[in-house]
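Undergrad: Below you will find the structure I want to go over with you.
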Amino acid sequence: MAHNGTPASIDAEIGRPSLASEAGAGAAVRAGARLLGVDLARGLAVLGMYAAHVGPDPREGGVEGFVMELTHGRSSALFAFLAGFSILLITGRRVPKVGQAGRQARVKILIRAGILLVIGTALTATGTKVEVILAYYGMYFLLALPFARLRAGALAVLAAVSALVLPQLVFLVSRDLGWADAVDRFDPLAWSGSRGDPIGSGDGIVGLLVTGNYPALSWMPFVFAGMAVARLDLAANLIRVRLAWTGVGLAVLGYGGSALALRVAPGVRERPGIMYAPWWSDMAEDPAGWRYQLGAMPHSETTLSIVANTGVALIVLIACLAACDGSRQFSKMATPLIAVGSMSLTAYVFHVVAIAILGFDVLPAGSLPVLLGLSAIIMMFAYCWSRFFRRGPLEWLLHRATTVAERVR
């Protein structure tokens, strides 16, 4: 149970006493503040997905449109990036768990992955207009597990190599999907998520790996990058400064490199304005043919897009860590958002269900009042819940399901 009205930090997910619950968000020690900063970043990612789904359409332009465009794709990339943290918090963040503890941690990852696959597939099967990320999230956990014992340097190299190679592989494989249709016909996941029409289902094995909206082969670089950062000593200011500049460099390389490449590539026509630029915006027209790989649109899954969005994720994470570590007043003010991050699964499922109940047929729904209302509801709920419980409702159920791993010897 959290004390002093503050949310339990990420440590609560892995069974250790929460530093936030011991000291309070406003008086967190430096070690606890690091965990609060990760929860804050995750809270921003969740509310960013709220904004992308129900907020005003970026096509409306202006400052509001630009802010909404910032959330498209980048929020889900931050969510995937922080999946790397979740994996290492279970398997051992600075030092990998070994022996019985290591085996139990790996079983917990497997159970969580399976549950996320089931929840994501079930939500998709309801016919919601949201492109649900949870089943993909489960696949990320499965694919990352063999690499959970690597050091930070090896994980960083793995992230870089996968960002360079995998998008090209996905692009080539996706050019002829006749084989994918054949696999979907016999895939129980594809049948479950598609309500009887498995061909092209994003929740089938092929969709989760290659053809879906968050295909694992293109999104694993985010997870590996998050794992690499989680391995580091985030209490060290020098590490934070280097990560912040790395984030800036990656963002400039990704977006700037895409802008330059598209400018010099033959046959690329762009509409005027950043809101329609294929090096930045989801609203841009996809460059034709091989030129598509030069774009950095947030959901394009190109190498330059992955590099840019990883940079943005790093910048957000370091800013959150620094803010929570540097100001007690800020931590107090941000407590509701930190609480949302500490129960991100509950918060994410809530907004999917809410969108289904409200009956939005087109996303983004284009409603600022709905966005503000849903955000206020989940922050008030998370804040109040965290005053009495260490975990969110779905997080508690997930934790209970994984206790079977304690029987592993």
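The values are calculated or read from the model by the stated rules, or taken from the named source; none is laboratory data. In this text the structure is predicted, and so the values were computed from the model without any measurement. So basically every Cβ, Gly included, is an ideal-geometry build from the backbone, and we count neighbours across all protein chains shown. We work out accessible area using only protein heavy atoms, side chains counted, and drop any ligands, DNA or RNA first. Shrake-Rupley method; radii C 1.70, N 1.55, O 1.52, S 1.80 Å.
Undergrad: Pull up the range 312-333, narrow it to residues that are small (Gly, Ala, Ser) and open to solvent by 10 Å² or more (accessible area, probe 1.4 Å), then point me to the one that is nearest to Gly249 (Cα to Cα).
TA: By that ranking, first place goes to Ala319.
Undergrad: Here is a check on your reading of the model: is Gly73 under 24 Å from Ile133 (Cβ atoms), touching a Pro at 6+ places or on another chain (Cβ under 9 Å) and of a type outside the set (A, V, I, L, M, F, W, C)?
TA: Spelling it out, Gly73 is indeed under 24 Å from Ile133 (Cβ atoms), touching a Pro at 6+ places or on another chain (Cβ under 9 Å) and of a type outside the set (A, V, I, L, M, F, W, C).
Residue by residue, here is whether (1) in contact (Cβ under 8 Å) with a residue 12 or more places away in the chain; (2) touching a Lys or Arg at 6+ places or on another chain (Cβ under 6 Å); (3) closer than 27 Å to Val118 by Cβ; (4) hydrophobic (A, V, I, L, M, F, W, C) holds:
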{"residue": "Phe147", "(1), (2), (3), (4)": "yes, no, yes, yes"}
{"residue": "Ala163", "(1), (2), (3), (4)": "yes, no, no, yes"}
{"residue": "Pro167", "(1), (2), (3), (4)": "yes, no, no, no"}
{"residue": "Arg175", "(1), (2), (3), (4)": "no, no, no, no"}
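Undergrad: Please give the number of the condition Ser331 fails out of (1) under 23 Å from Val130 (Cα atoms); (2) of a type outside the set (A, V, I, L, M); (3) not in a loop (DSSP other than H, G, I, E, B).
TA: (1)
Undergrad: I'd like to know if the range 250-261 contains one or more residues that are open to solvent by less than 10 Å² (accessible area, probe 1.4 Å), farther than 23 Å from Met68 by Cβ and modelled with pLDDT of 90 or more. Walk me through it before giving the result.
TA: Step one: filter the range 250-261 for residues open to solvent by less than 10 Å² (accessible area, probe 1.4 Å), giving 254, 258.
Add one more test, that the residue is farther than 23 Å from Met68 by Cβ, and what stays is none.
No: the range 250-261 contains no residue that is open to solvent by less than 10 Å² (accessible area, probe 1.4 Å), farther than 23 Å from Met68 by Cβ and modelled with pLDDT of 90 or more.
Undergrad: Let me ask another. Of everything in the range 59-73, what is assigned to a helix (DSSP H, G or I) and more than 13 Å from Gly366 (Cβ to Cβ)? Give them in sequence order.
TA: If the condition is that a residue be assigned to a helix (DSSP H, G or I) and more than 13 Å from Gly366 (Cβ to Cβ), then Gly62, Val63, Phe66, Val67, Glu69, Leu70, Thr71 are the ones that fit.
Undergrad: Given the criteria open to solvent by 20 Å² or more (accessible area, probe 1.4 Å), assigned to a helix (DSSP H, G or I) and over 30 Å from Ala122 (Cα atoms), does Val157 qualify?
TA: Considered against the rule, which asks whether it is open to solvent by 20 Å² or more (accessible area, probe 1.4 Å), assigned to a helix (DSSP H, G or I) and over 30 Å from Ala122 (Cα atoms), Val157 comes out as yes.
Undergrad: Can I ask one more? Please tell me if Ala51 is touching a Ser or Thr at 6+ places or on another chain (Cβ under 9 Å), open to solvent by less than 30 Å² (accessible area, probe 1.4 Å), in contact (Cβ under 8 Å) with a residue 60 or more places away in the chain and over 16 Å from Val307 (Cα atoms).
TA: yes
Undergrad: With the condition kept exactly as written, say whether any residue in the range 274-289 is in contact with a Ser or Thr (Cβ under 6 Å, 6 or more places away or on another chain) and either in a loop (DSSP other than H, G, I, E, B) or modelled with pLDDT under 90 (or both). Reasoning before the result, please.
TA: Start the filter on the range 274-289 by keeping residues that are in contact with a Ser or Thr (Cβ under 6 Å, 6 or more places away or on another chain), which leaves 275, 279.
This time we only want the ones that are either in a loop (DSSP other than H, G, I, E, B) or modelled with pLDDT under 90 (or both), so: 275, 279.
Yes, the range 274-289 contains a residue that is in contact with a Ser or Thr (Cβ under 6 Å, 6 or more places away or on another chain) and either in a loop (DSSP other than H, G, I, E, B) or modelled with pLDDT under 90 (or both).
Undergrad: Which residues, counting only those in the range 334-363, are touching an Asp or Glu at 6+ places or on another chain (Cβ under 7 Å) and either surrounded by fewer than 20 Cβ atoms within 10 Å (Cβ to Cβ) or among the charged types (D, E, K, R) (or both)?
TA: none
Undergrad: Of the numbered conditions (1) over 14 Å from Leu47 (Cα atoms); (2) open to solvent by less than 70 Å² (accessible area, probe 1.4 Å); (3) under 22 Å from the mean Cα position of the chain (by Cα), Leu397 satisfies every one except a single condition; which is it?
TA: Only one criterion in (1) over 14 Å from Leu47 (Cα atoms); (2) open to solvent by less than 70 Å² (accessible area, probe 1.4 Å); (3) under 22 Å from the mean Cα position of the chain (by Cα) is unmet by Leu397, namely (2).
Undergrad: In the range 30-45, which residues are open to solvent by 10 Å² or more (accessible area, probe 1.4 Å) and at pLDDT below 95?
TA: Answer for the range 30-45, where residues must be open to solvent by 10 Å² or more (accessible area, probe 1.4 Å) and at pLDDT below 95: Arg30, Ala31, Arg34, Leu35.
Undergrad: Go through the range 54-71 and give me each residue that's of a type outside the set (Ser, Thr, Tyr), touching a helix residue (DSSP H, G or I) at 6+ places or on another chain (Cβ under 6 Å) and open to solvent by 10 Å² or more (accessible area, probe 1.4 Å).
TA: Met68
Undergrad: Please determine whether any residue of the range 174-193 is open to solvent by 30 Å² or more (accessible area, probe 1.4 Å), within 30 Å of Gly37 (Cβ to Cβ) and part of a helix (DSSP H, G or I).
TA: No, the range 174-193 has no match at all.
Undergrad: May I ask you to verify whether Pro266 is open to solvent by 30 Å² or more (accessible area, probe 1.4 Å) and either in a loop (DSSP other than H, G, I, E, B) or closer than 30 Å to Gly92 by Cα (or both)?
TA: yes
Undergrad: Only one of Val316, Val307, Val340 is farther than 27 Å from Leu398 by Cβ, touching a residue at least 24 places away in the same chain (Cβ under 8 Å), assigned to a helix (DSSP H, G or I) and under 16 Å from the mean Cα position of the chain (by Cα). Can you tell me which?
TA: Val307
Undergrad: Restricting the range 216-246 to residues that are assigned to a loop (DSSP other than H, G, I, E, B) and in contact (Cβ under 8 Å) with a residue 60 or more places away in the chain, which is farthest from Pro167 (Cα to Cα)?
TA: Ala235
Undergrad: Can we say Ile109 is open to solvent by 10 Å² or more (accessible area, probe 1.4 Å) and modelled with pLDDT of 95 or more?
TA: Spelling it out, it is not the case that Ile109 is open to solvent by 10 Å² or more (accessible area, probe 1.4 Å) and modelled with pLDDT of 95 or more.
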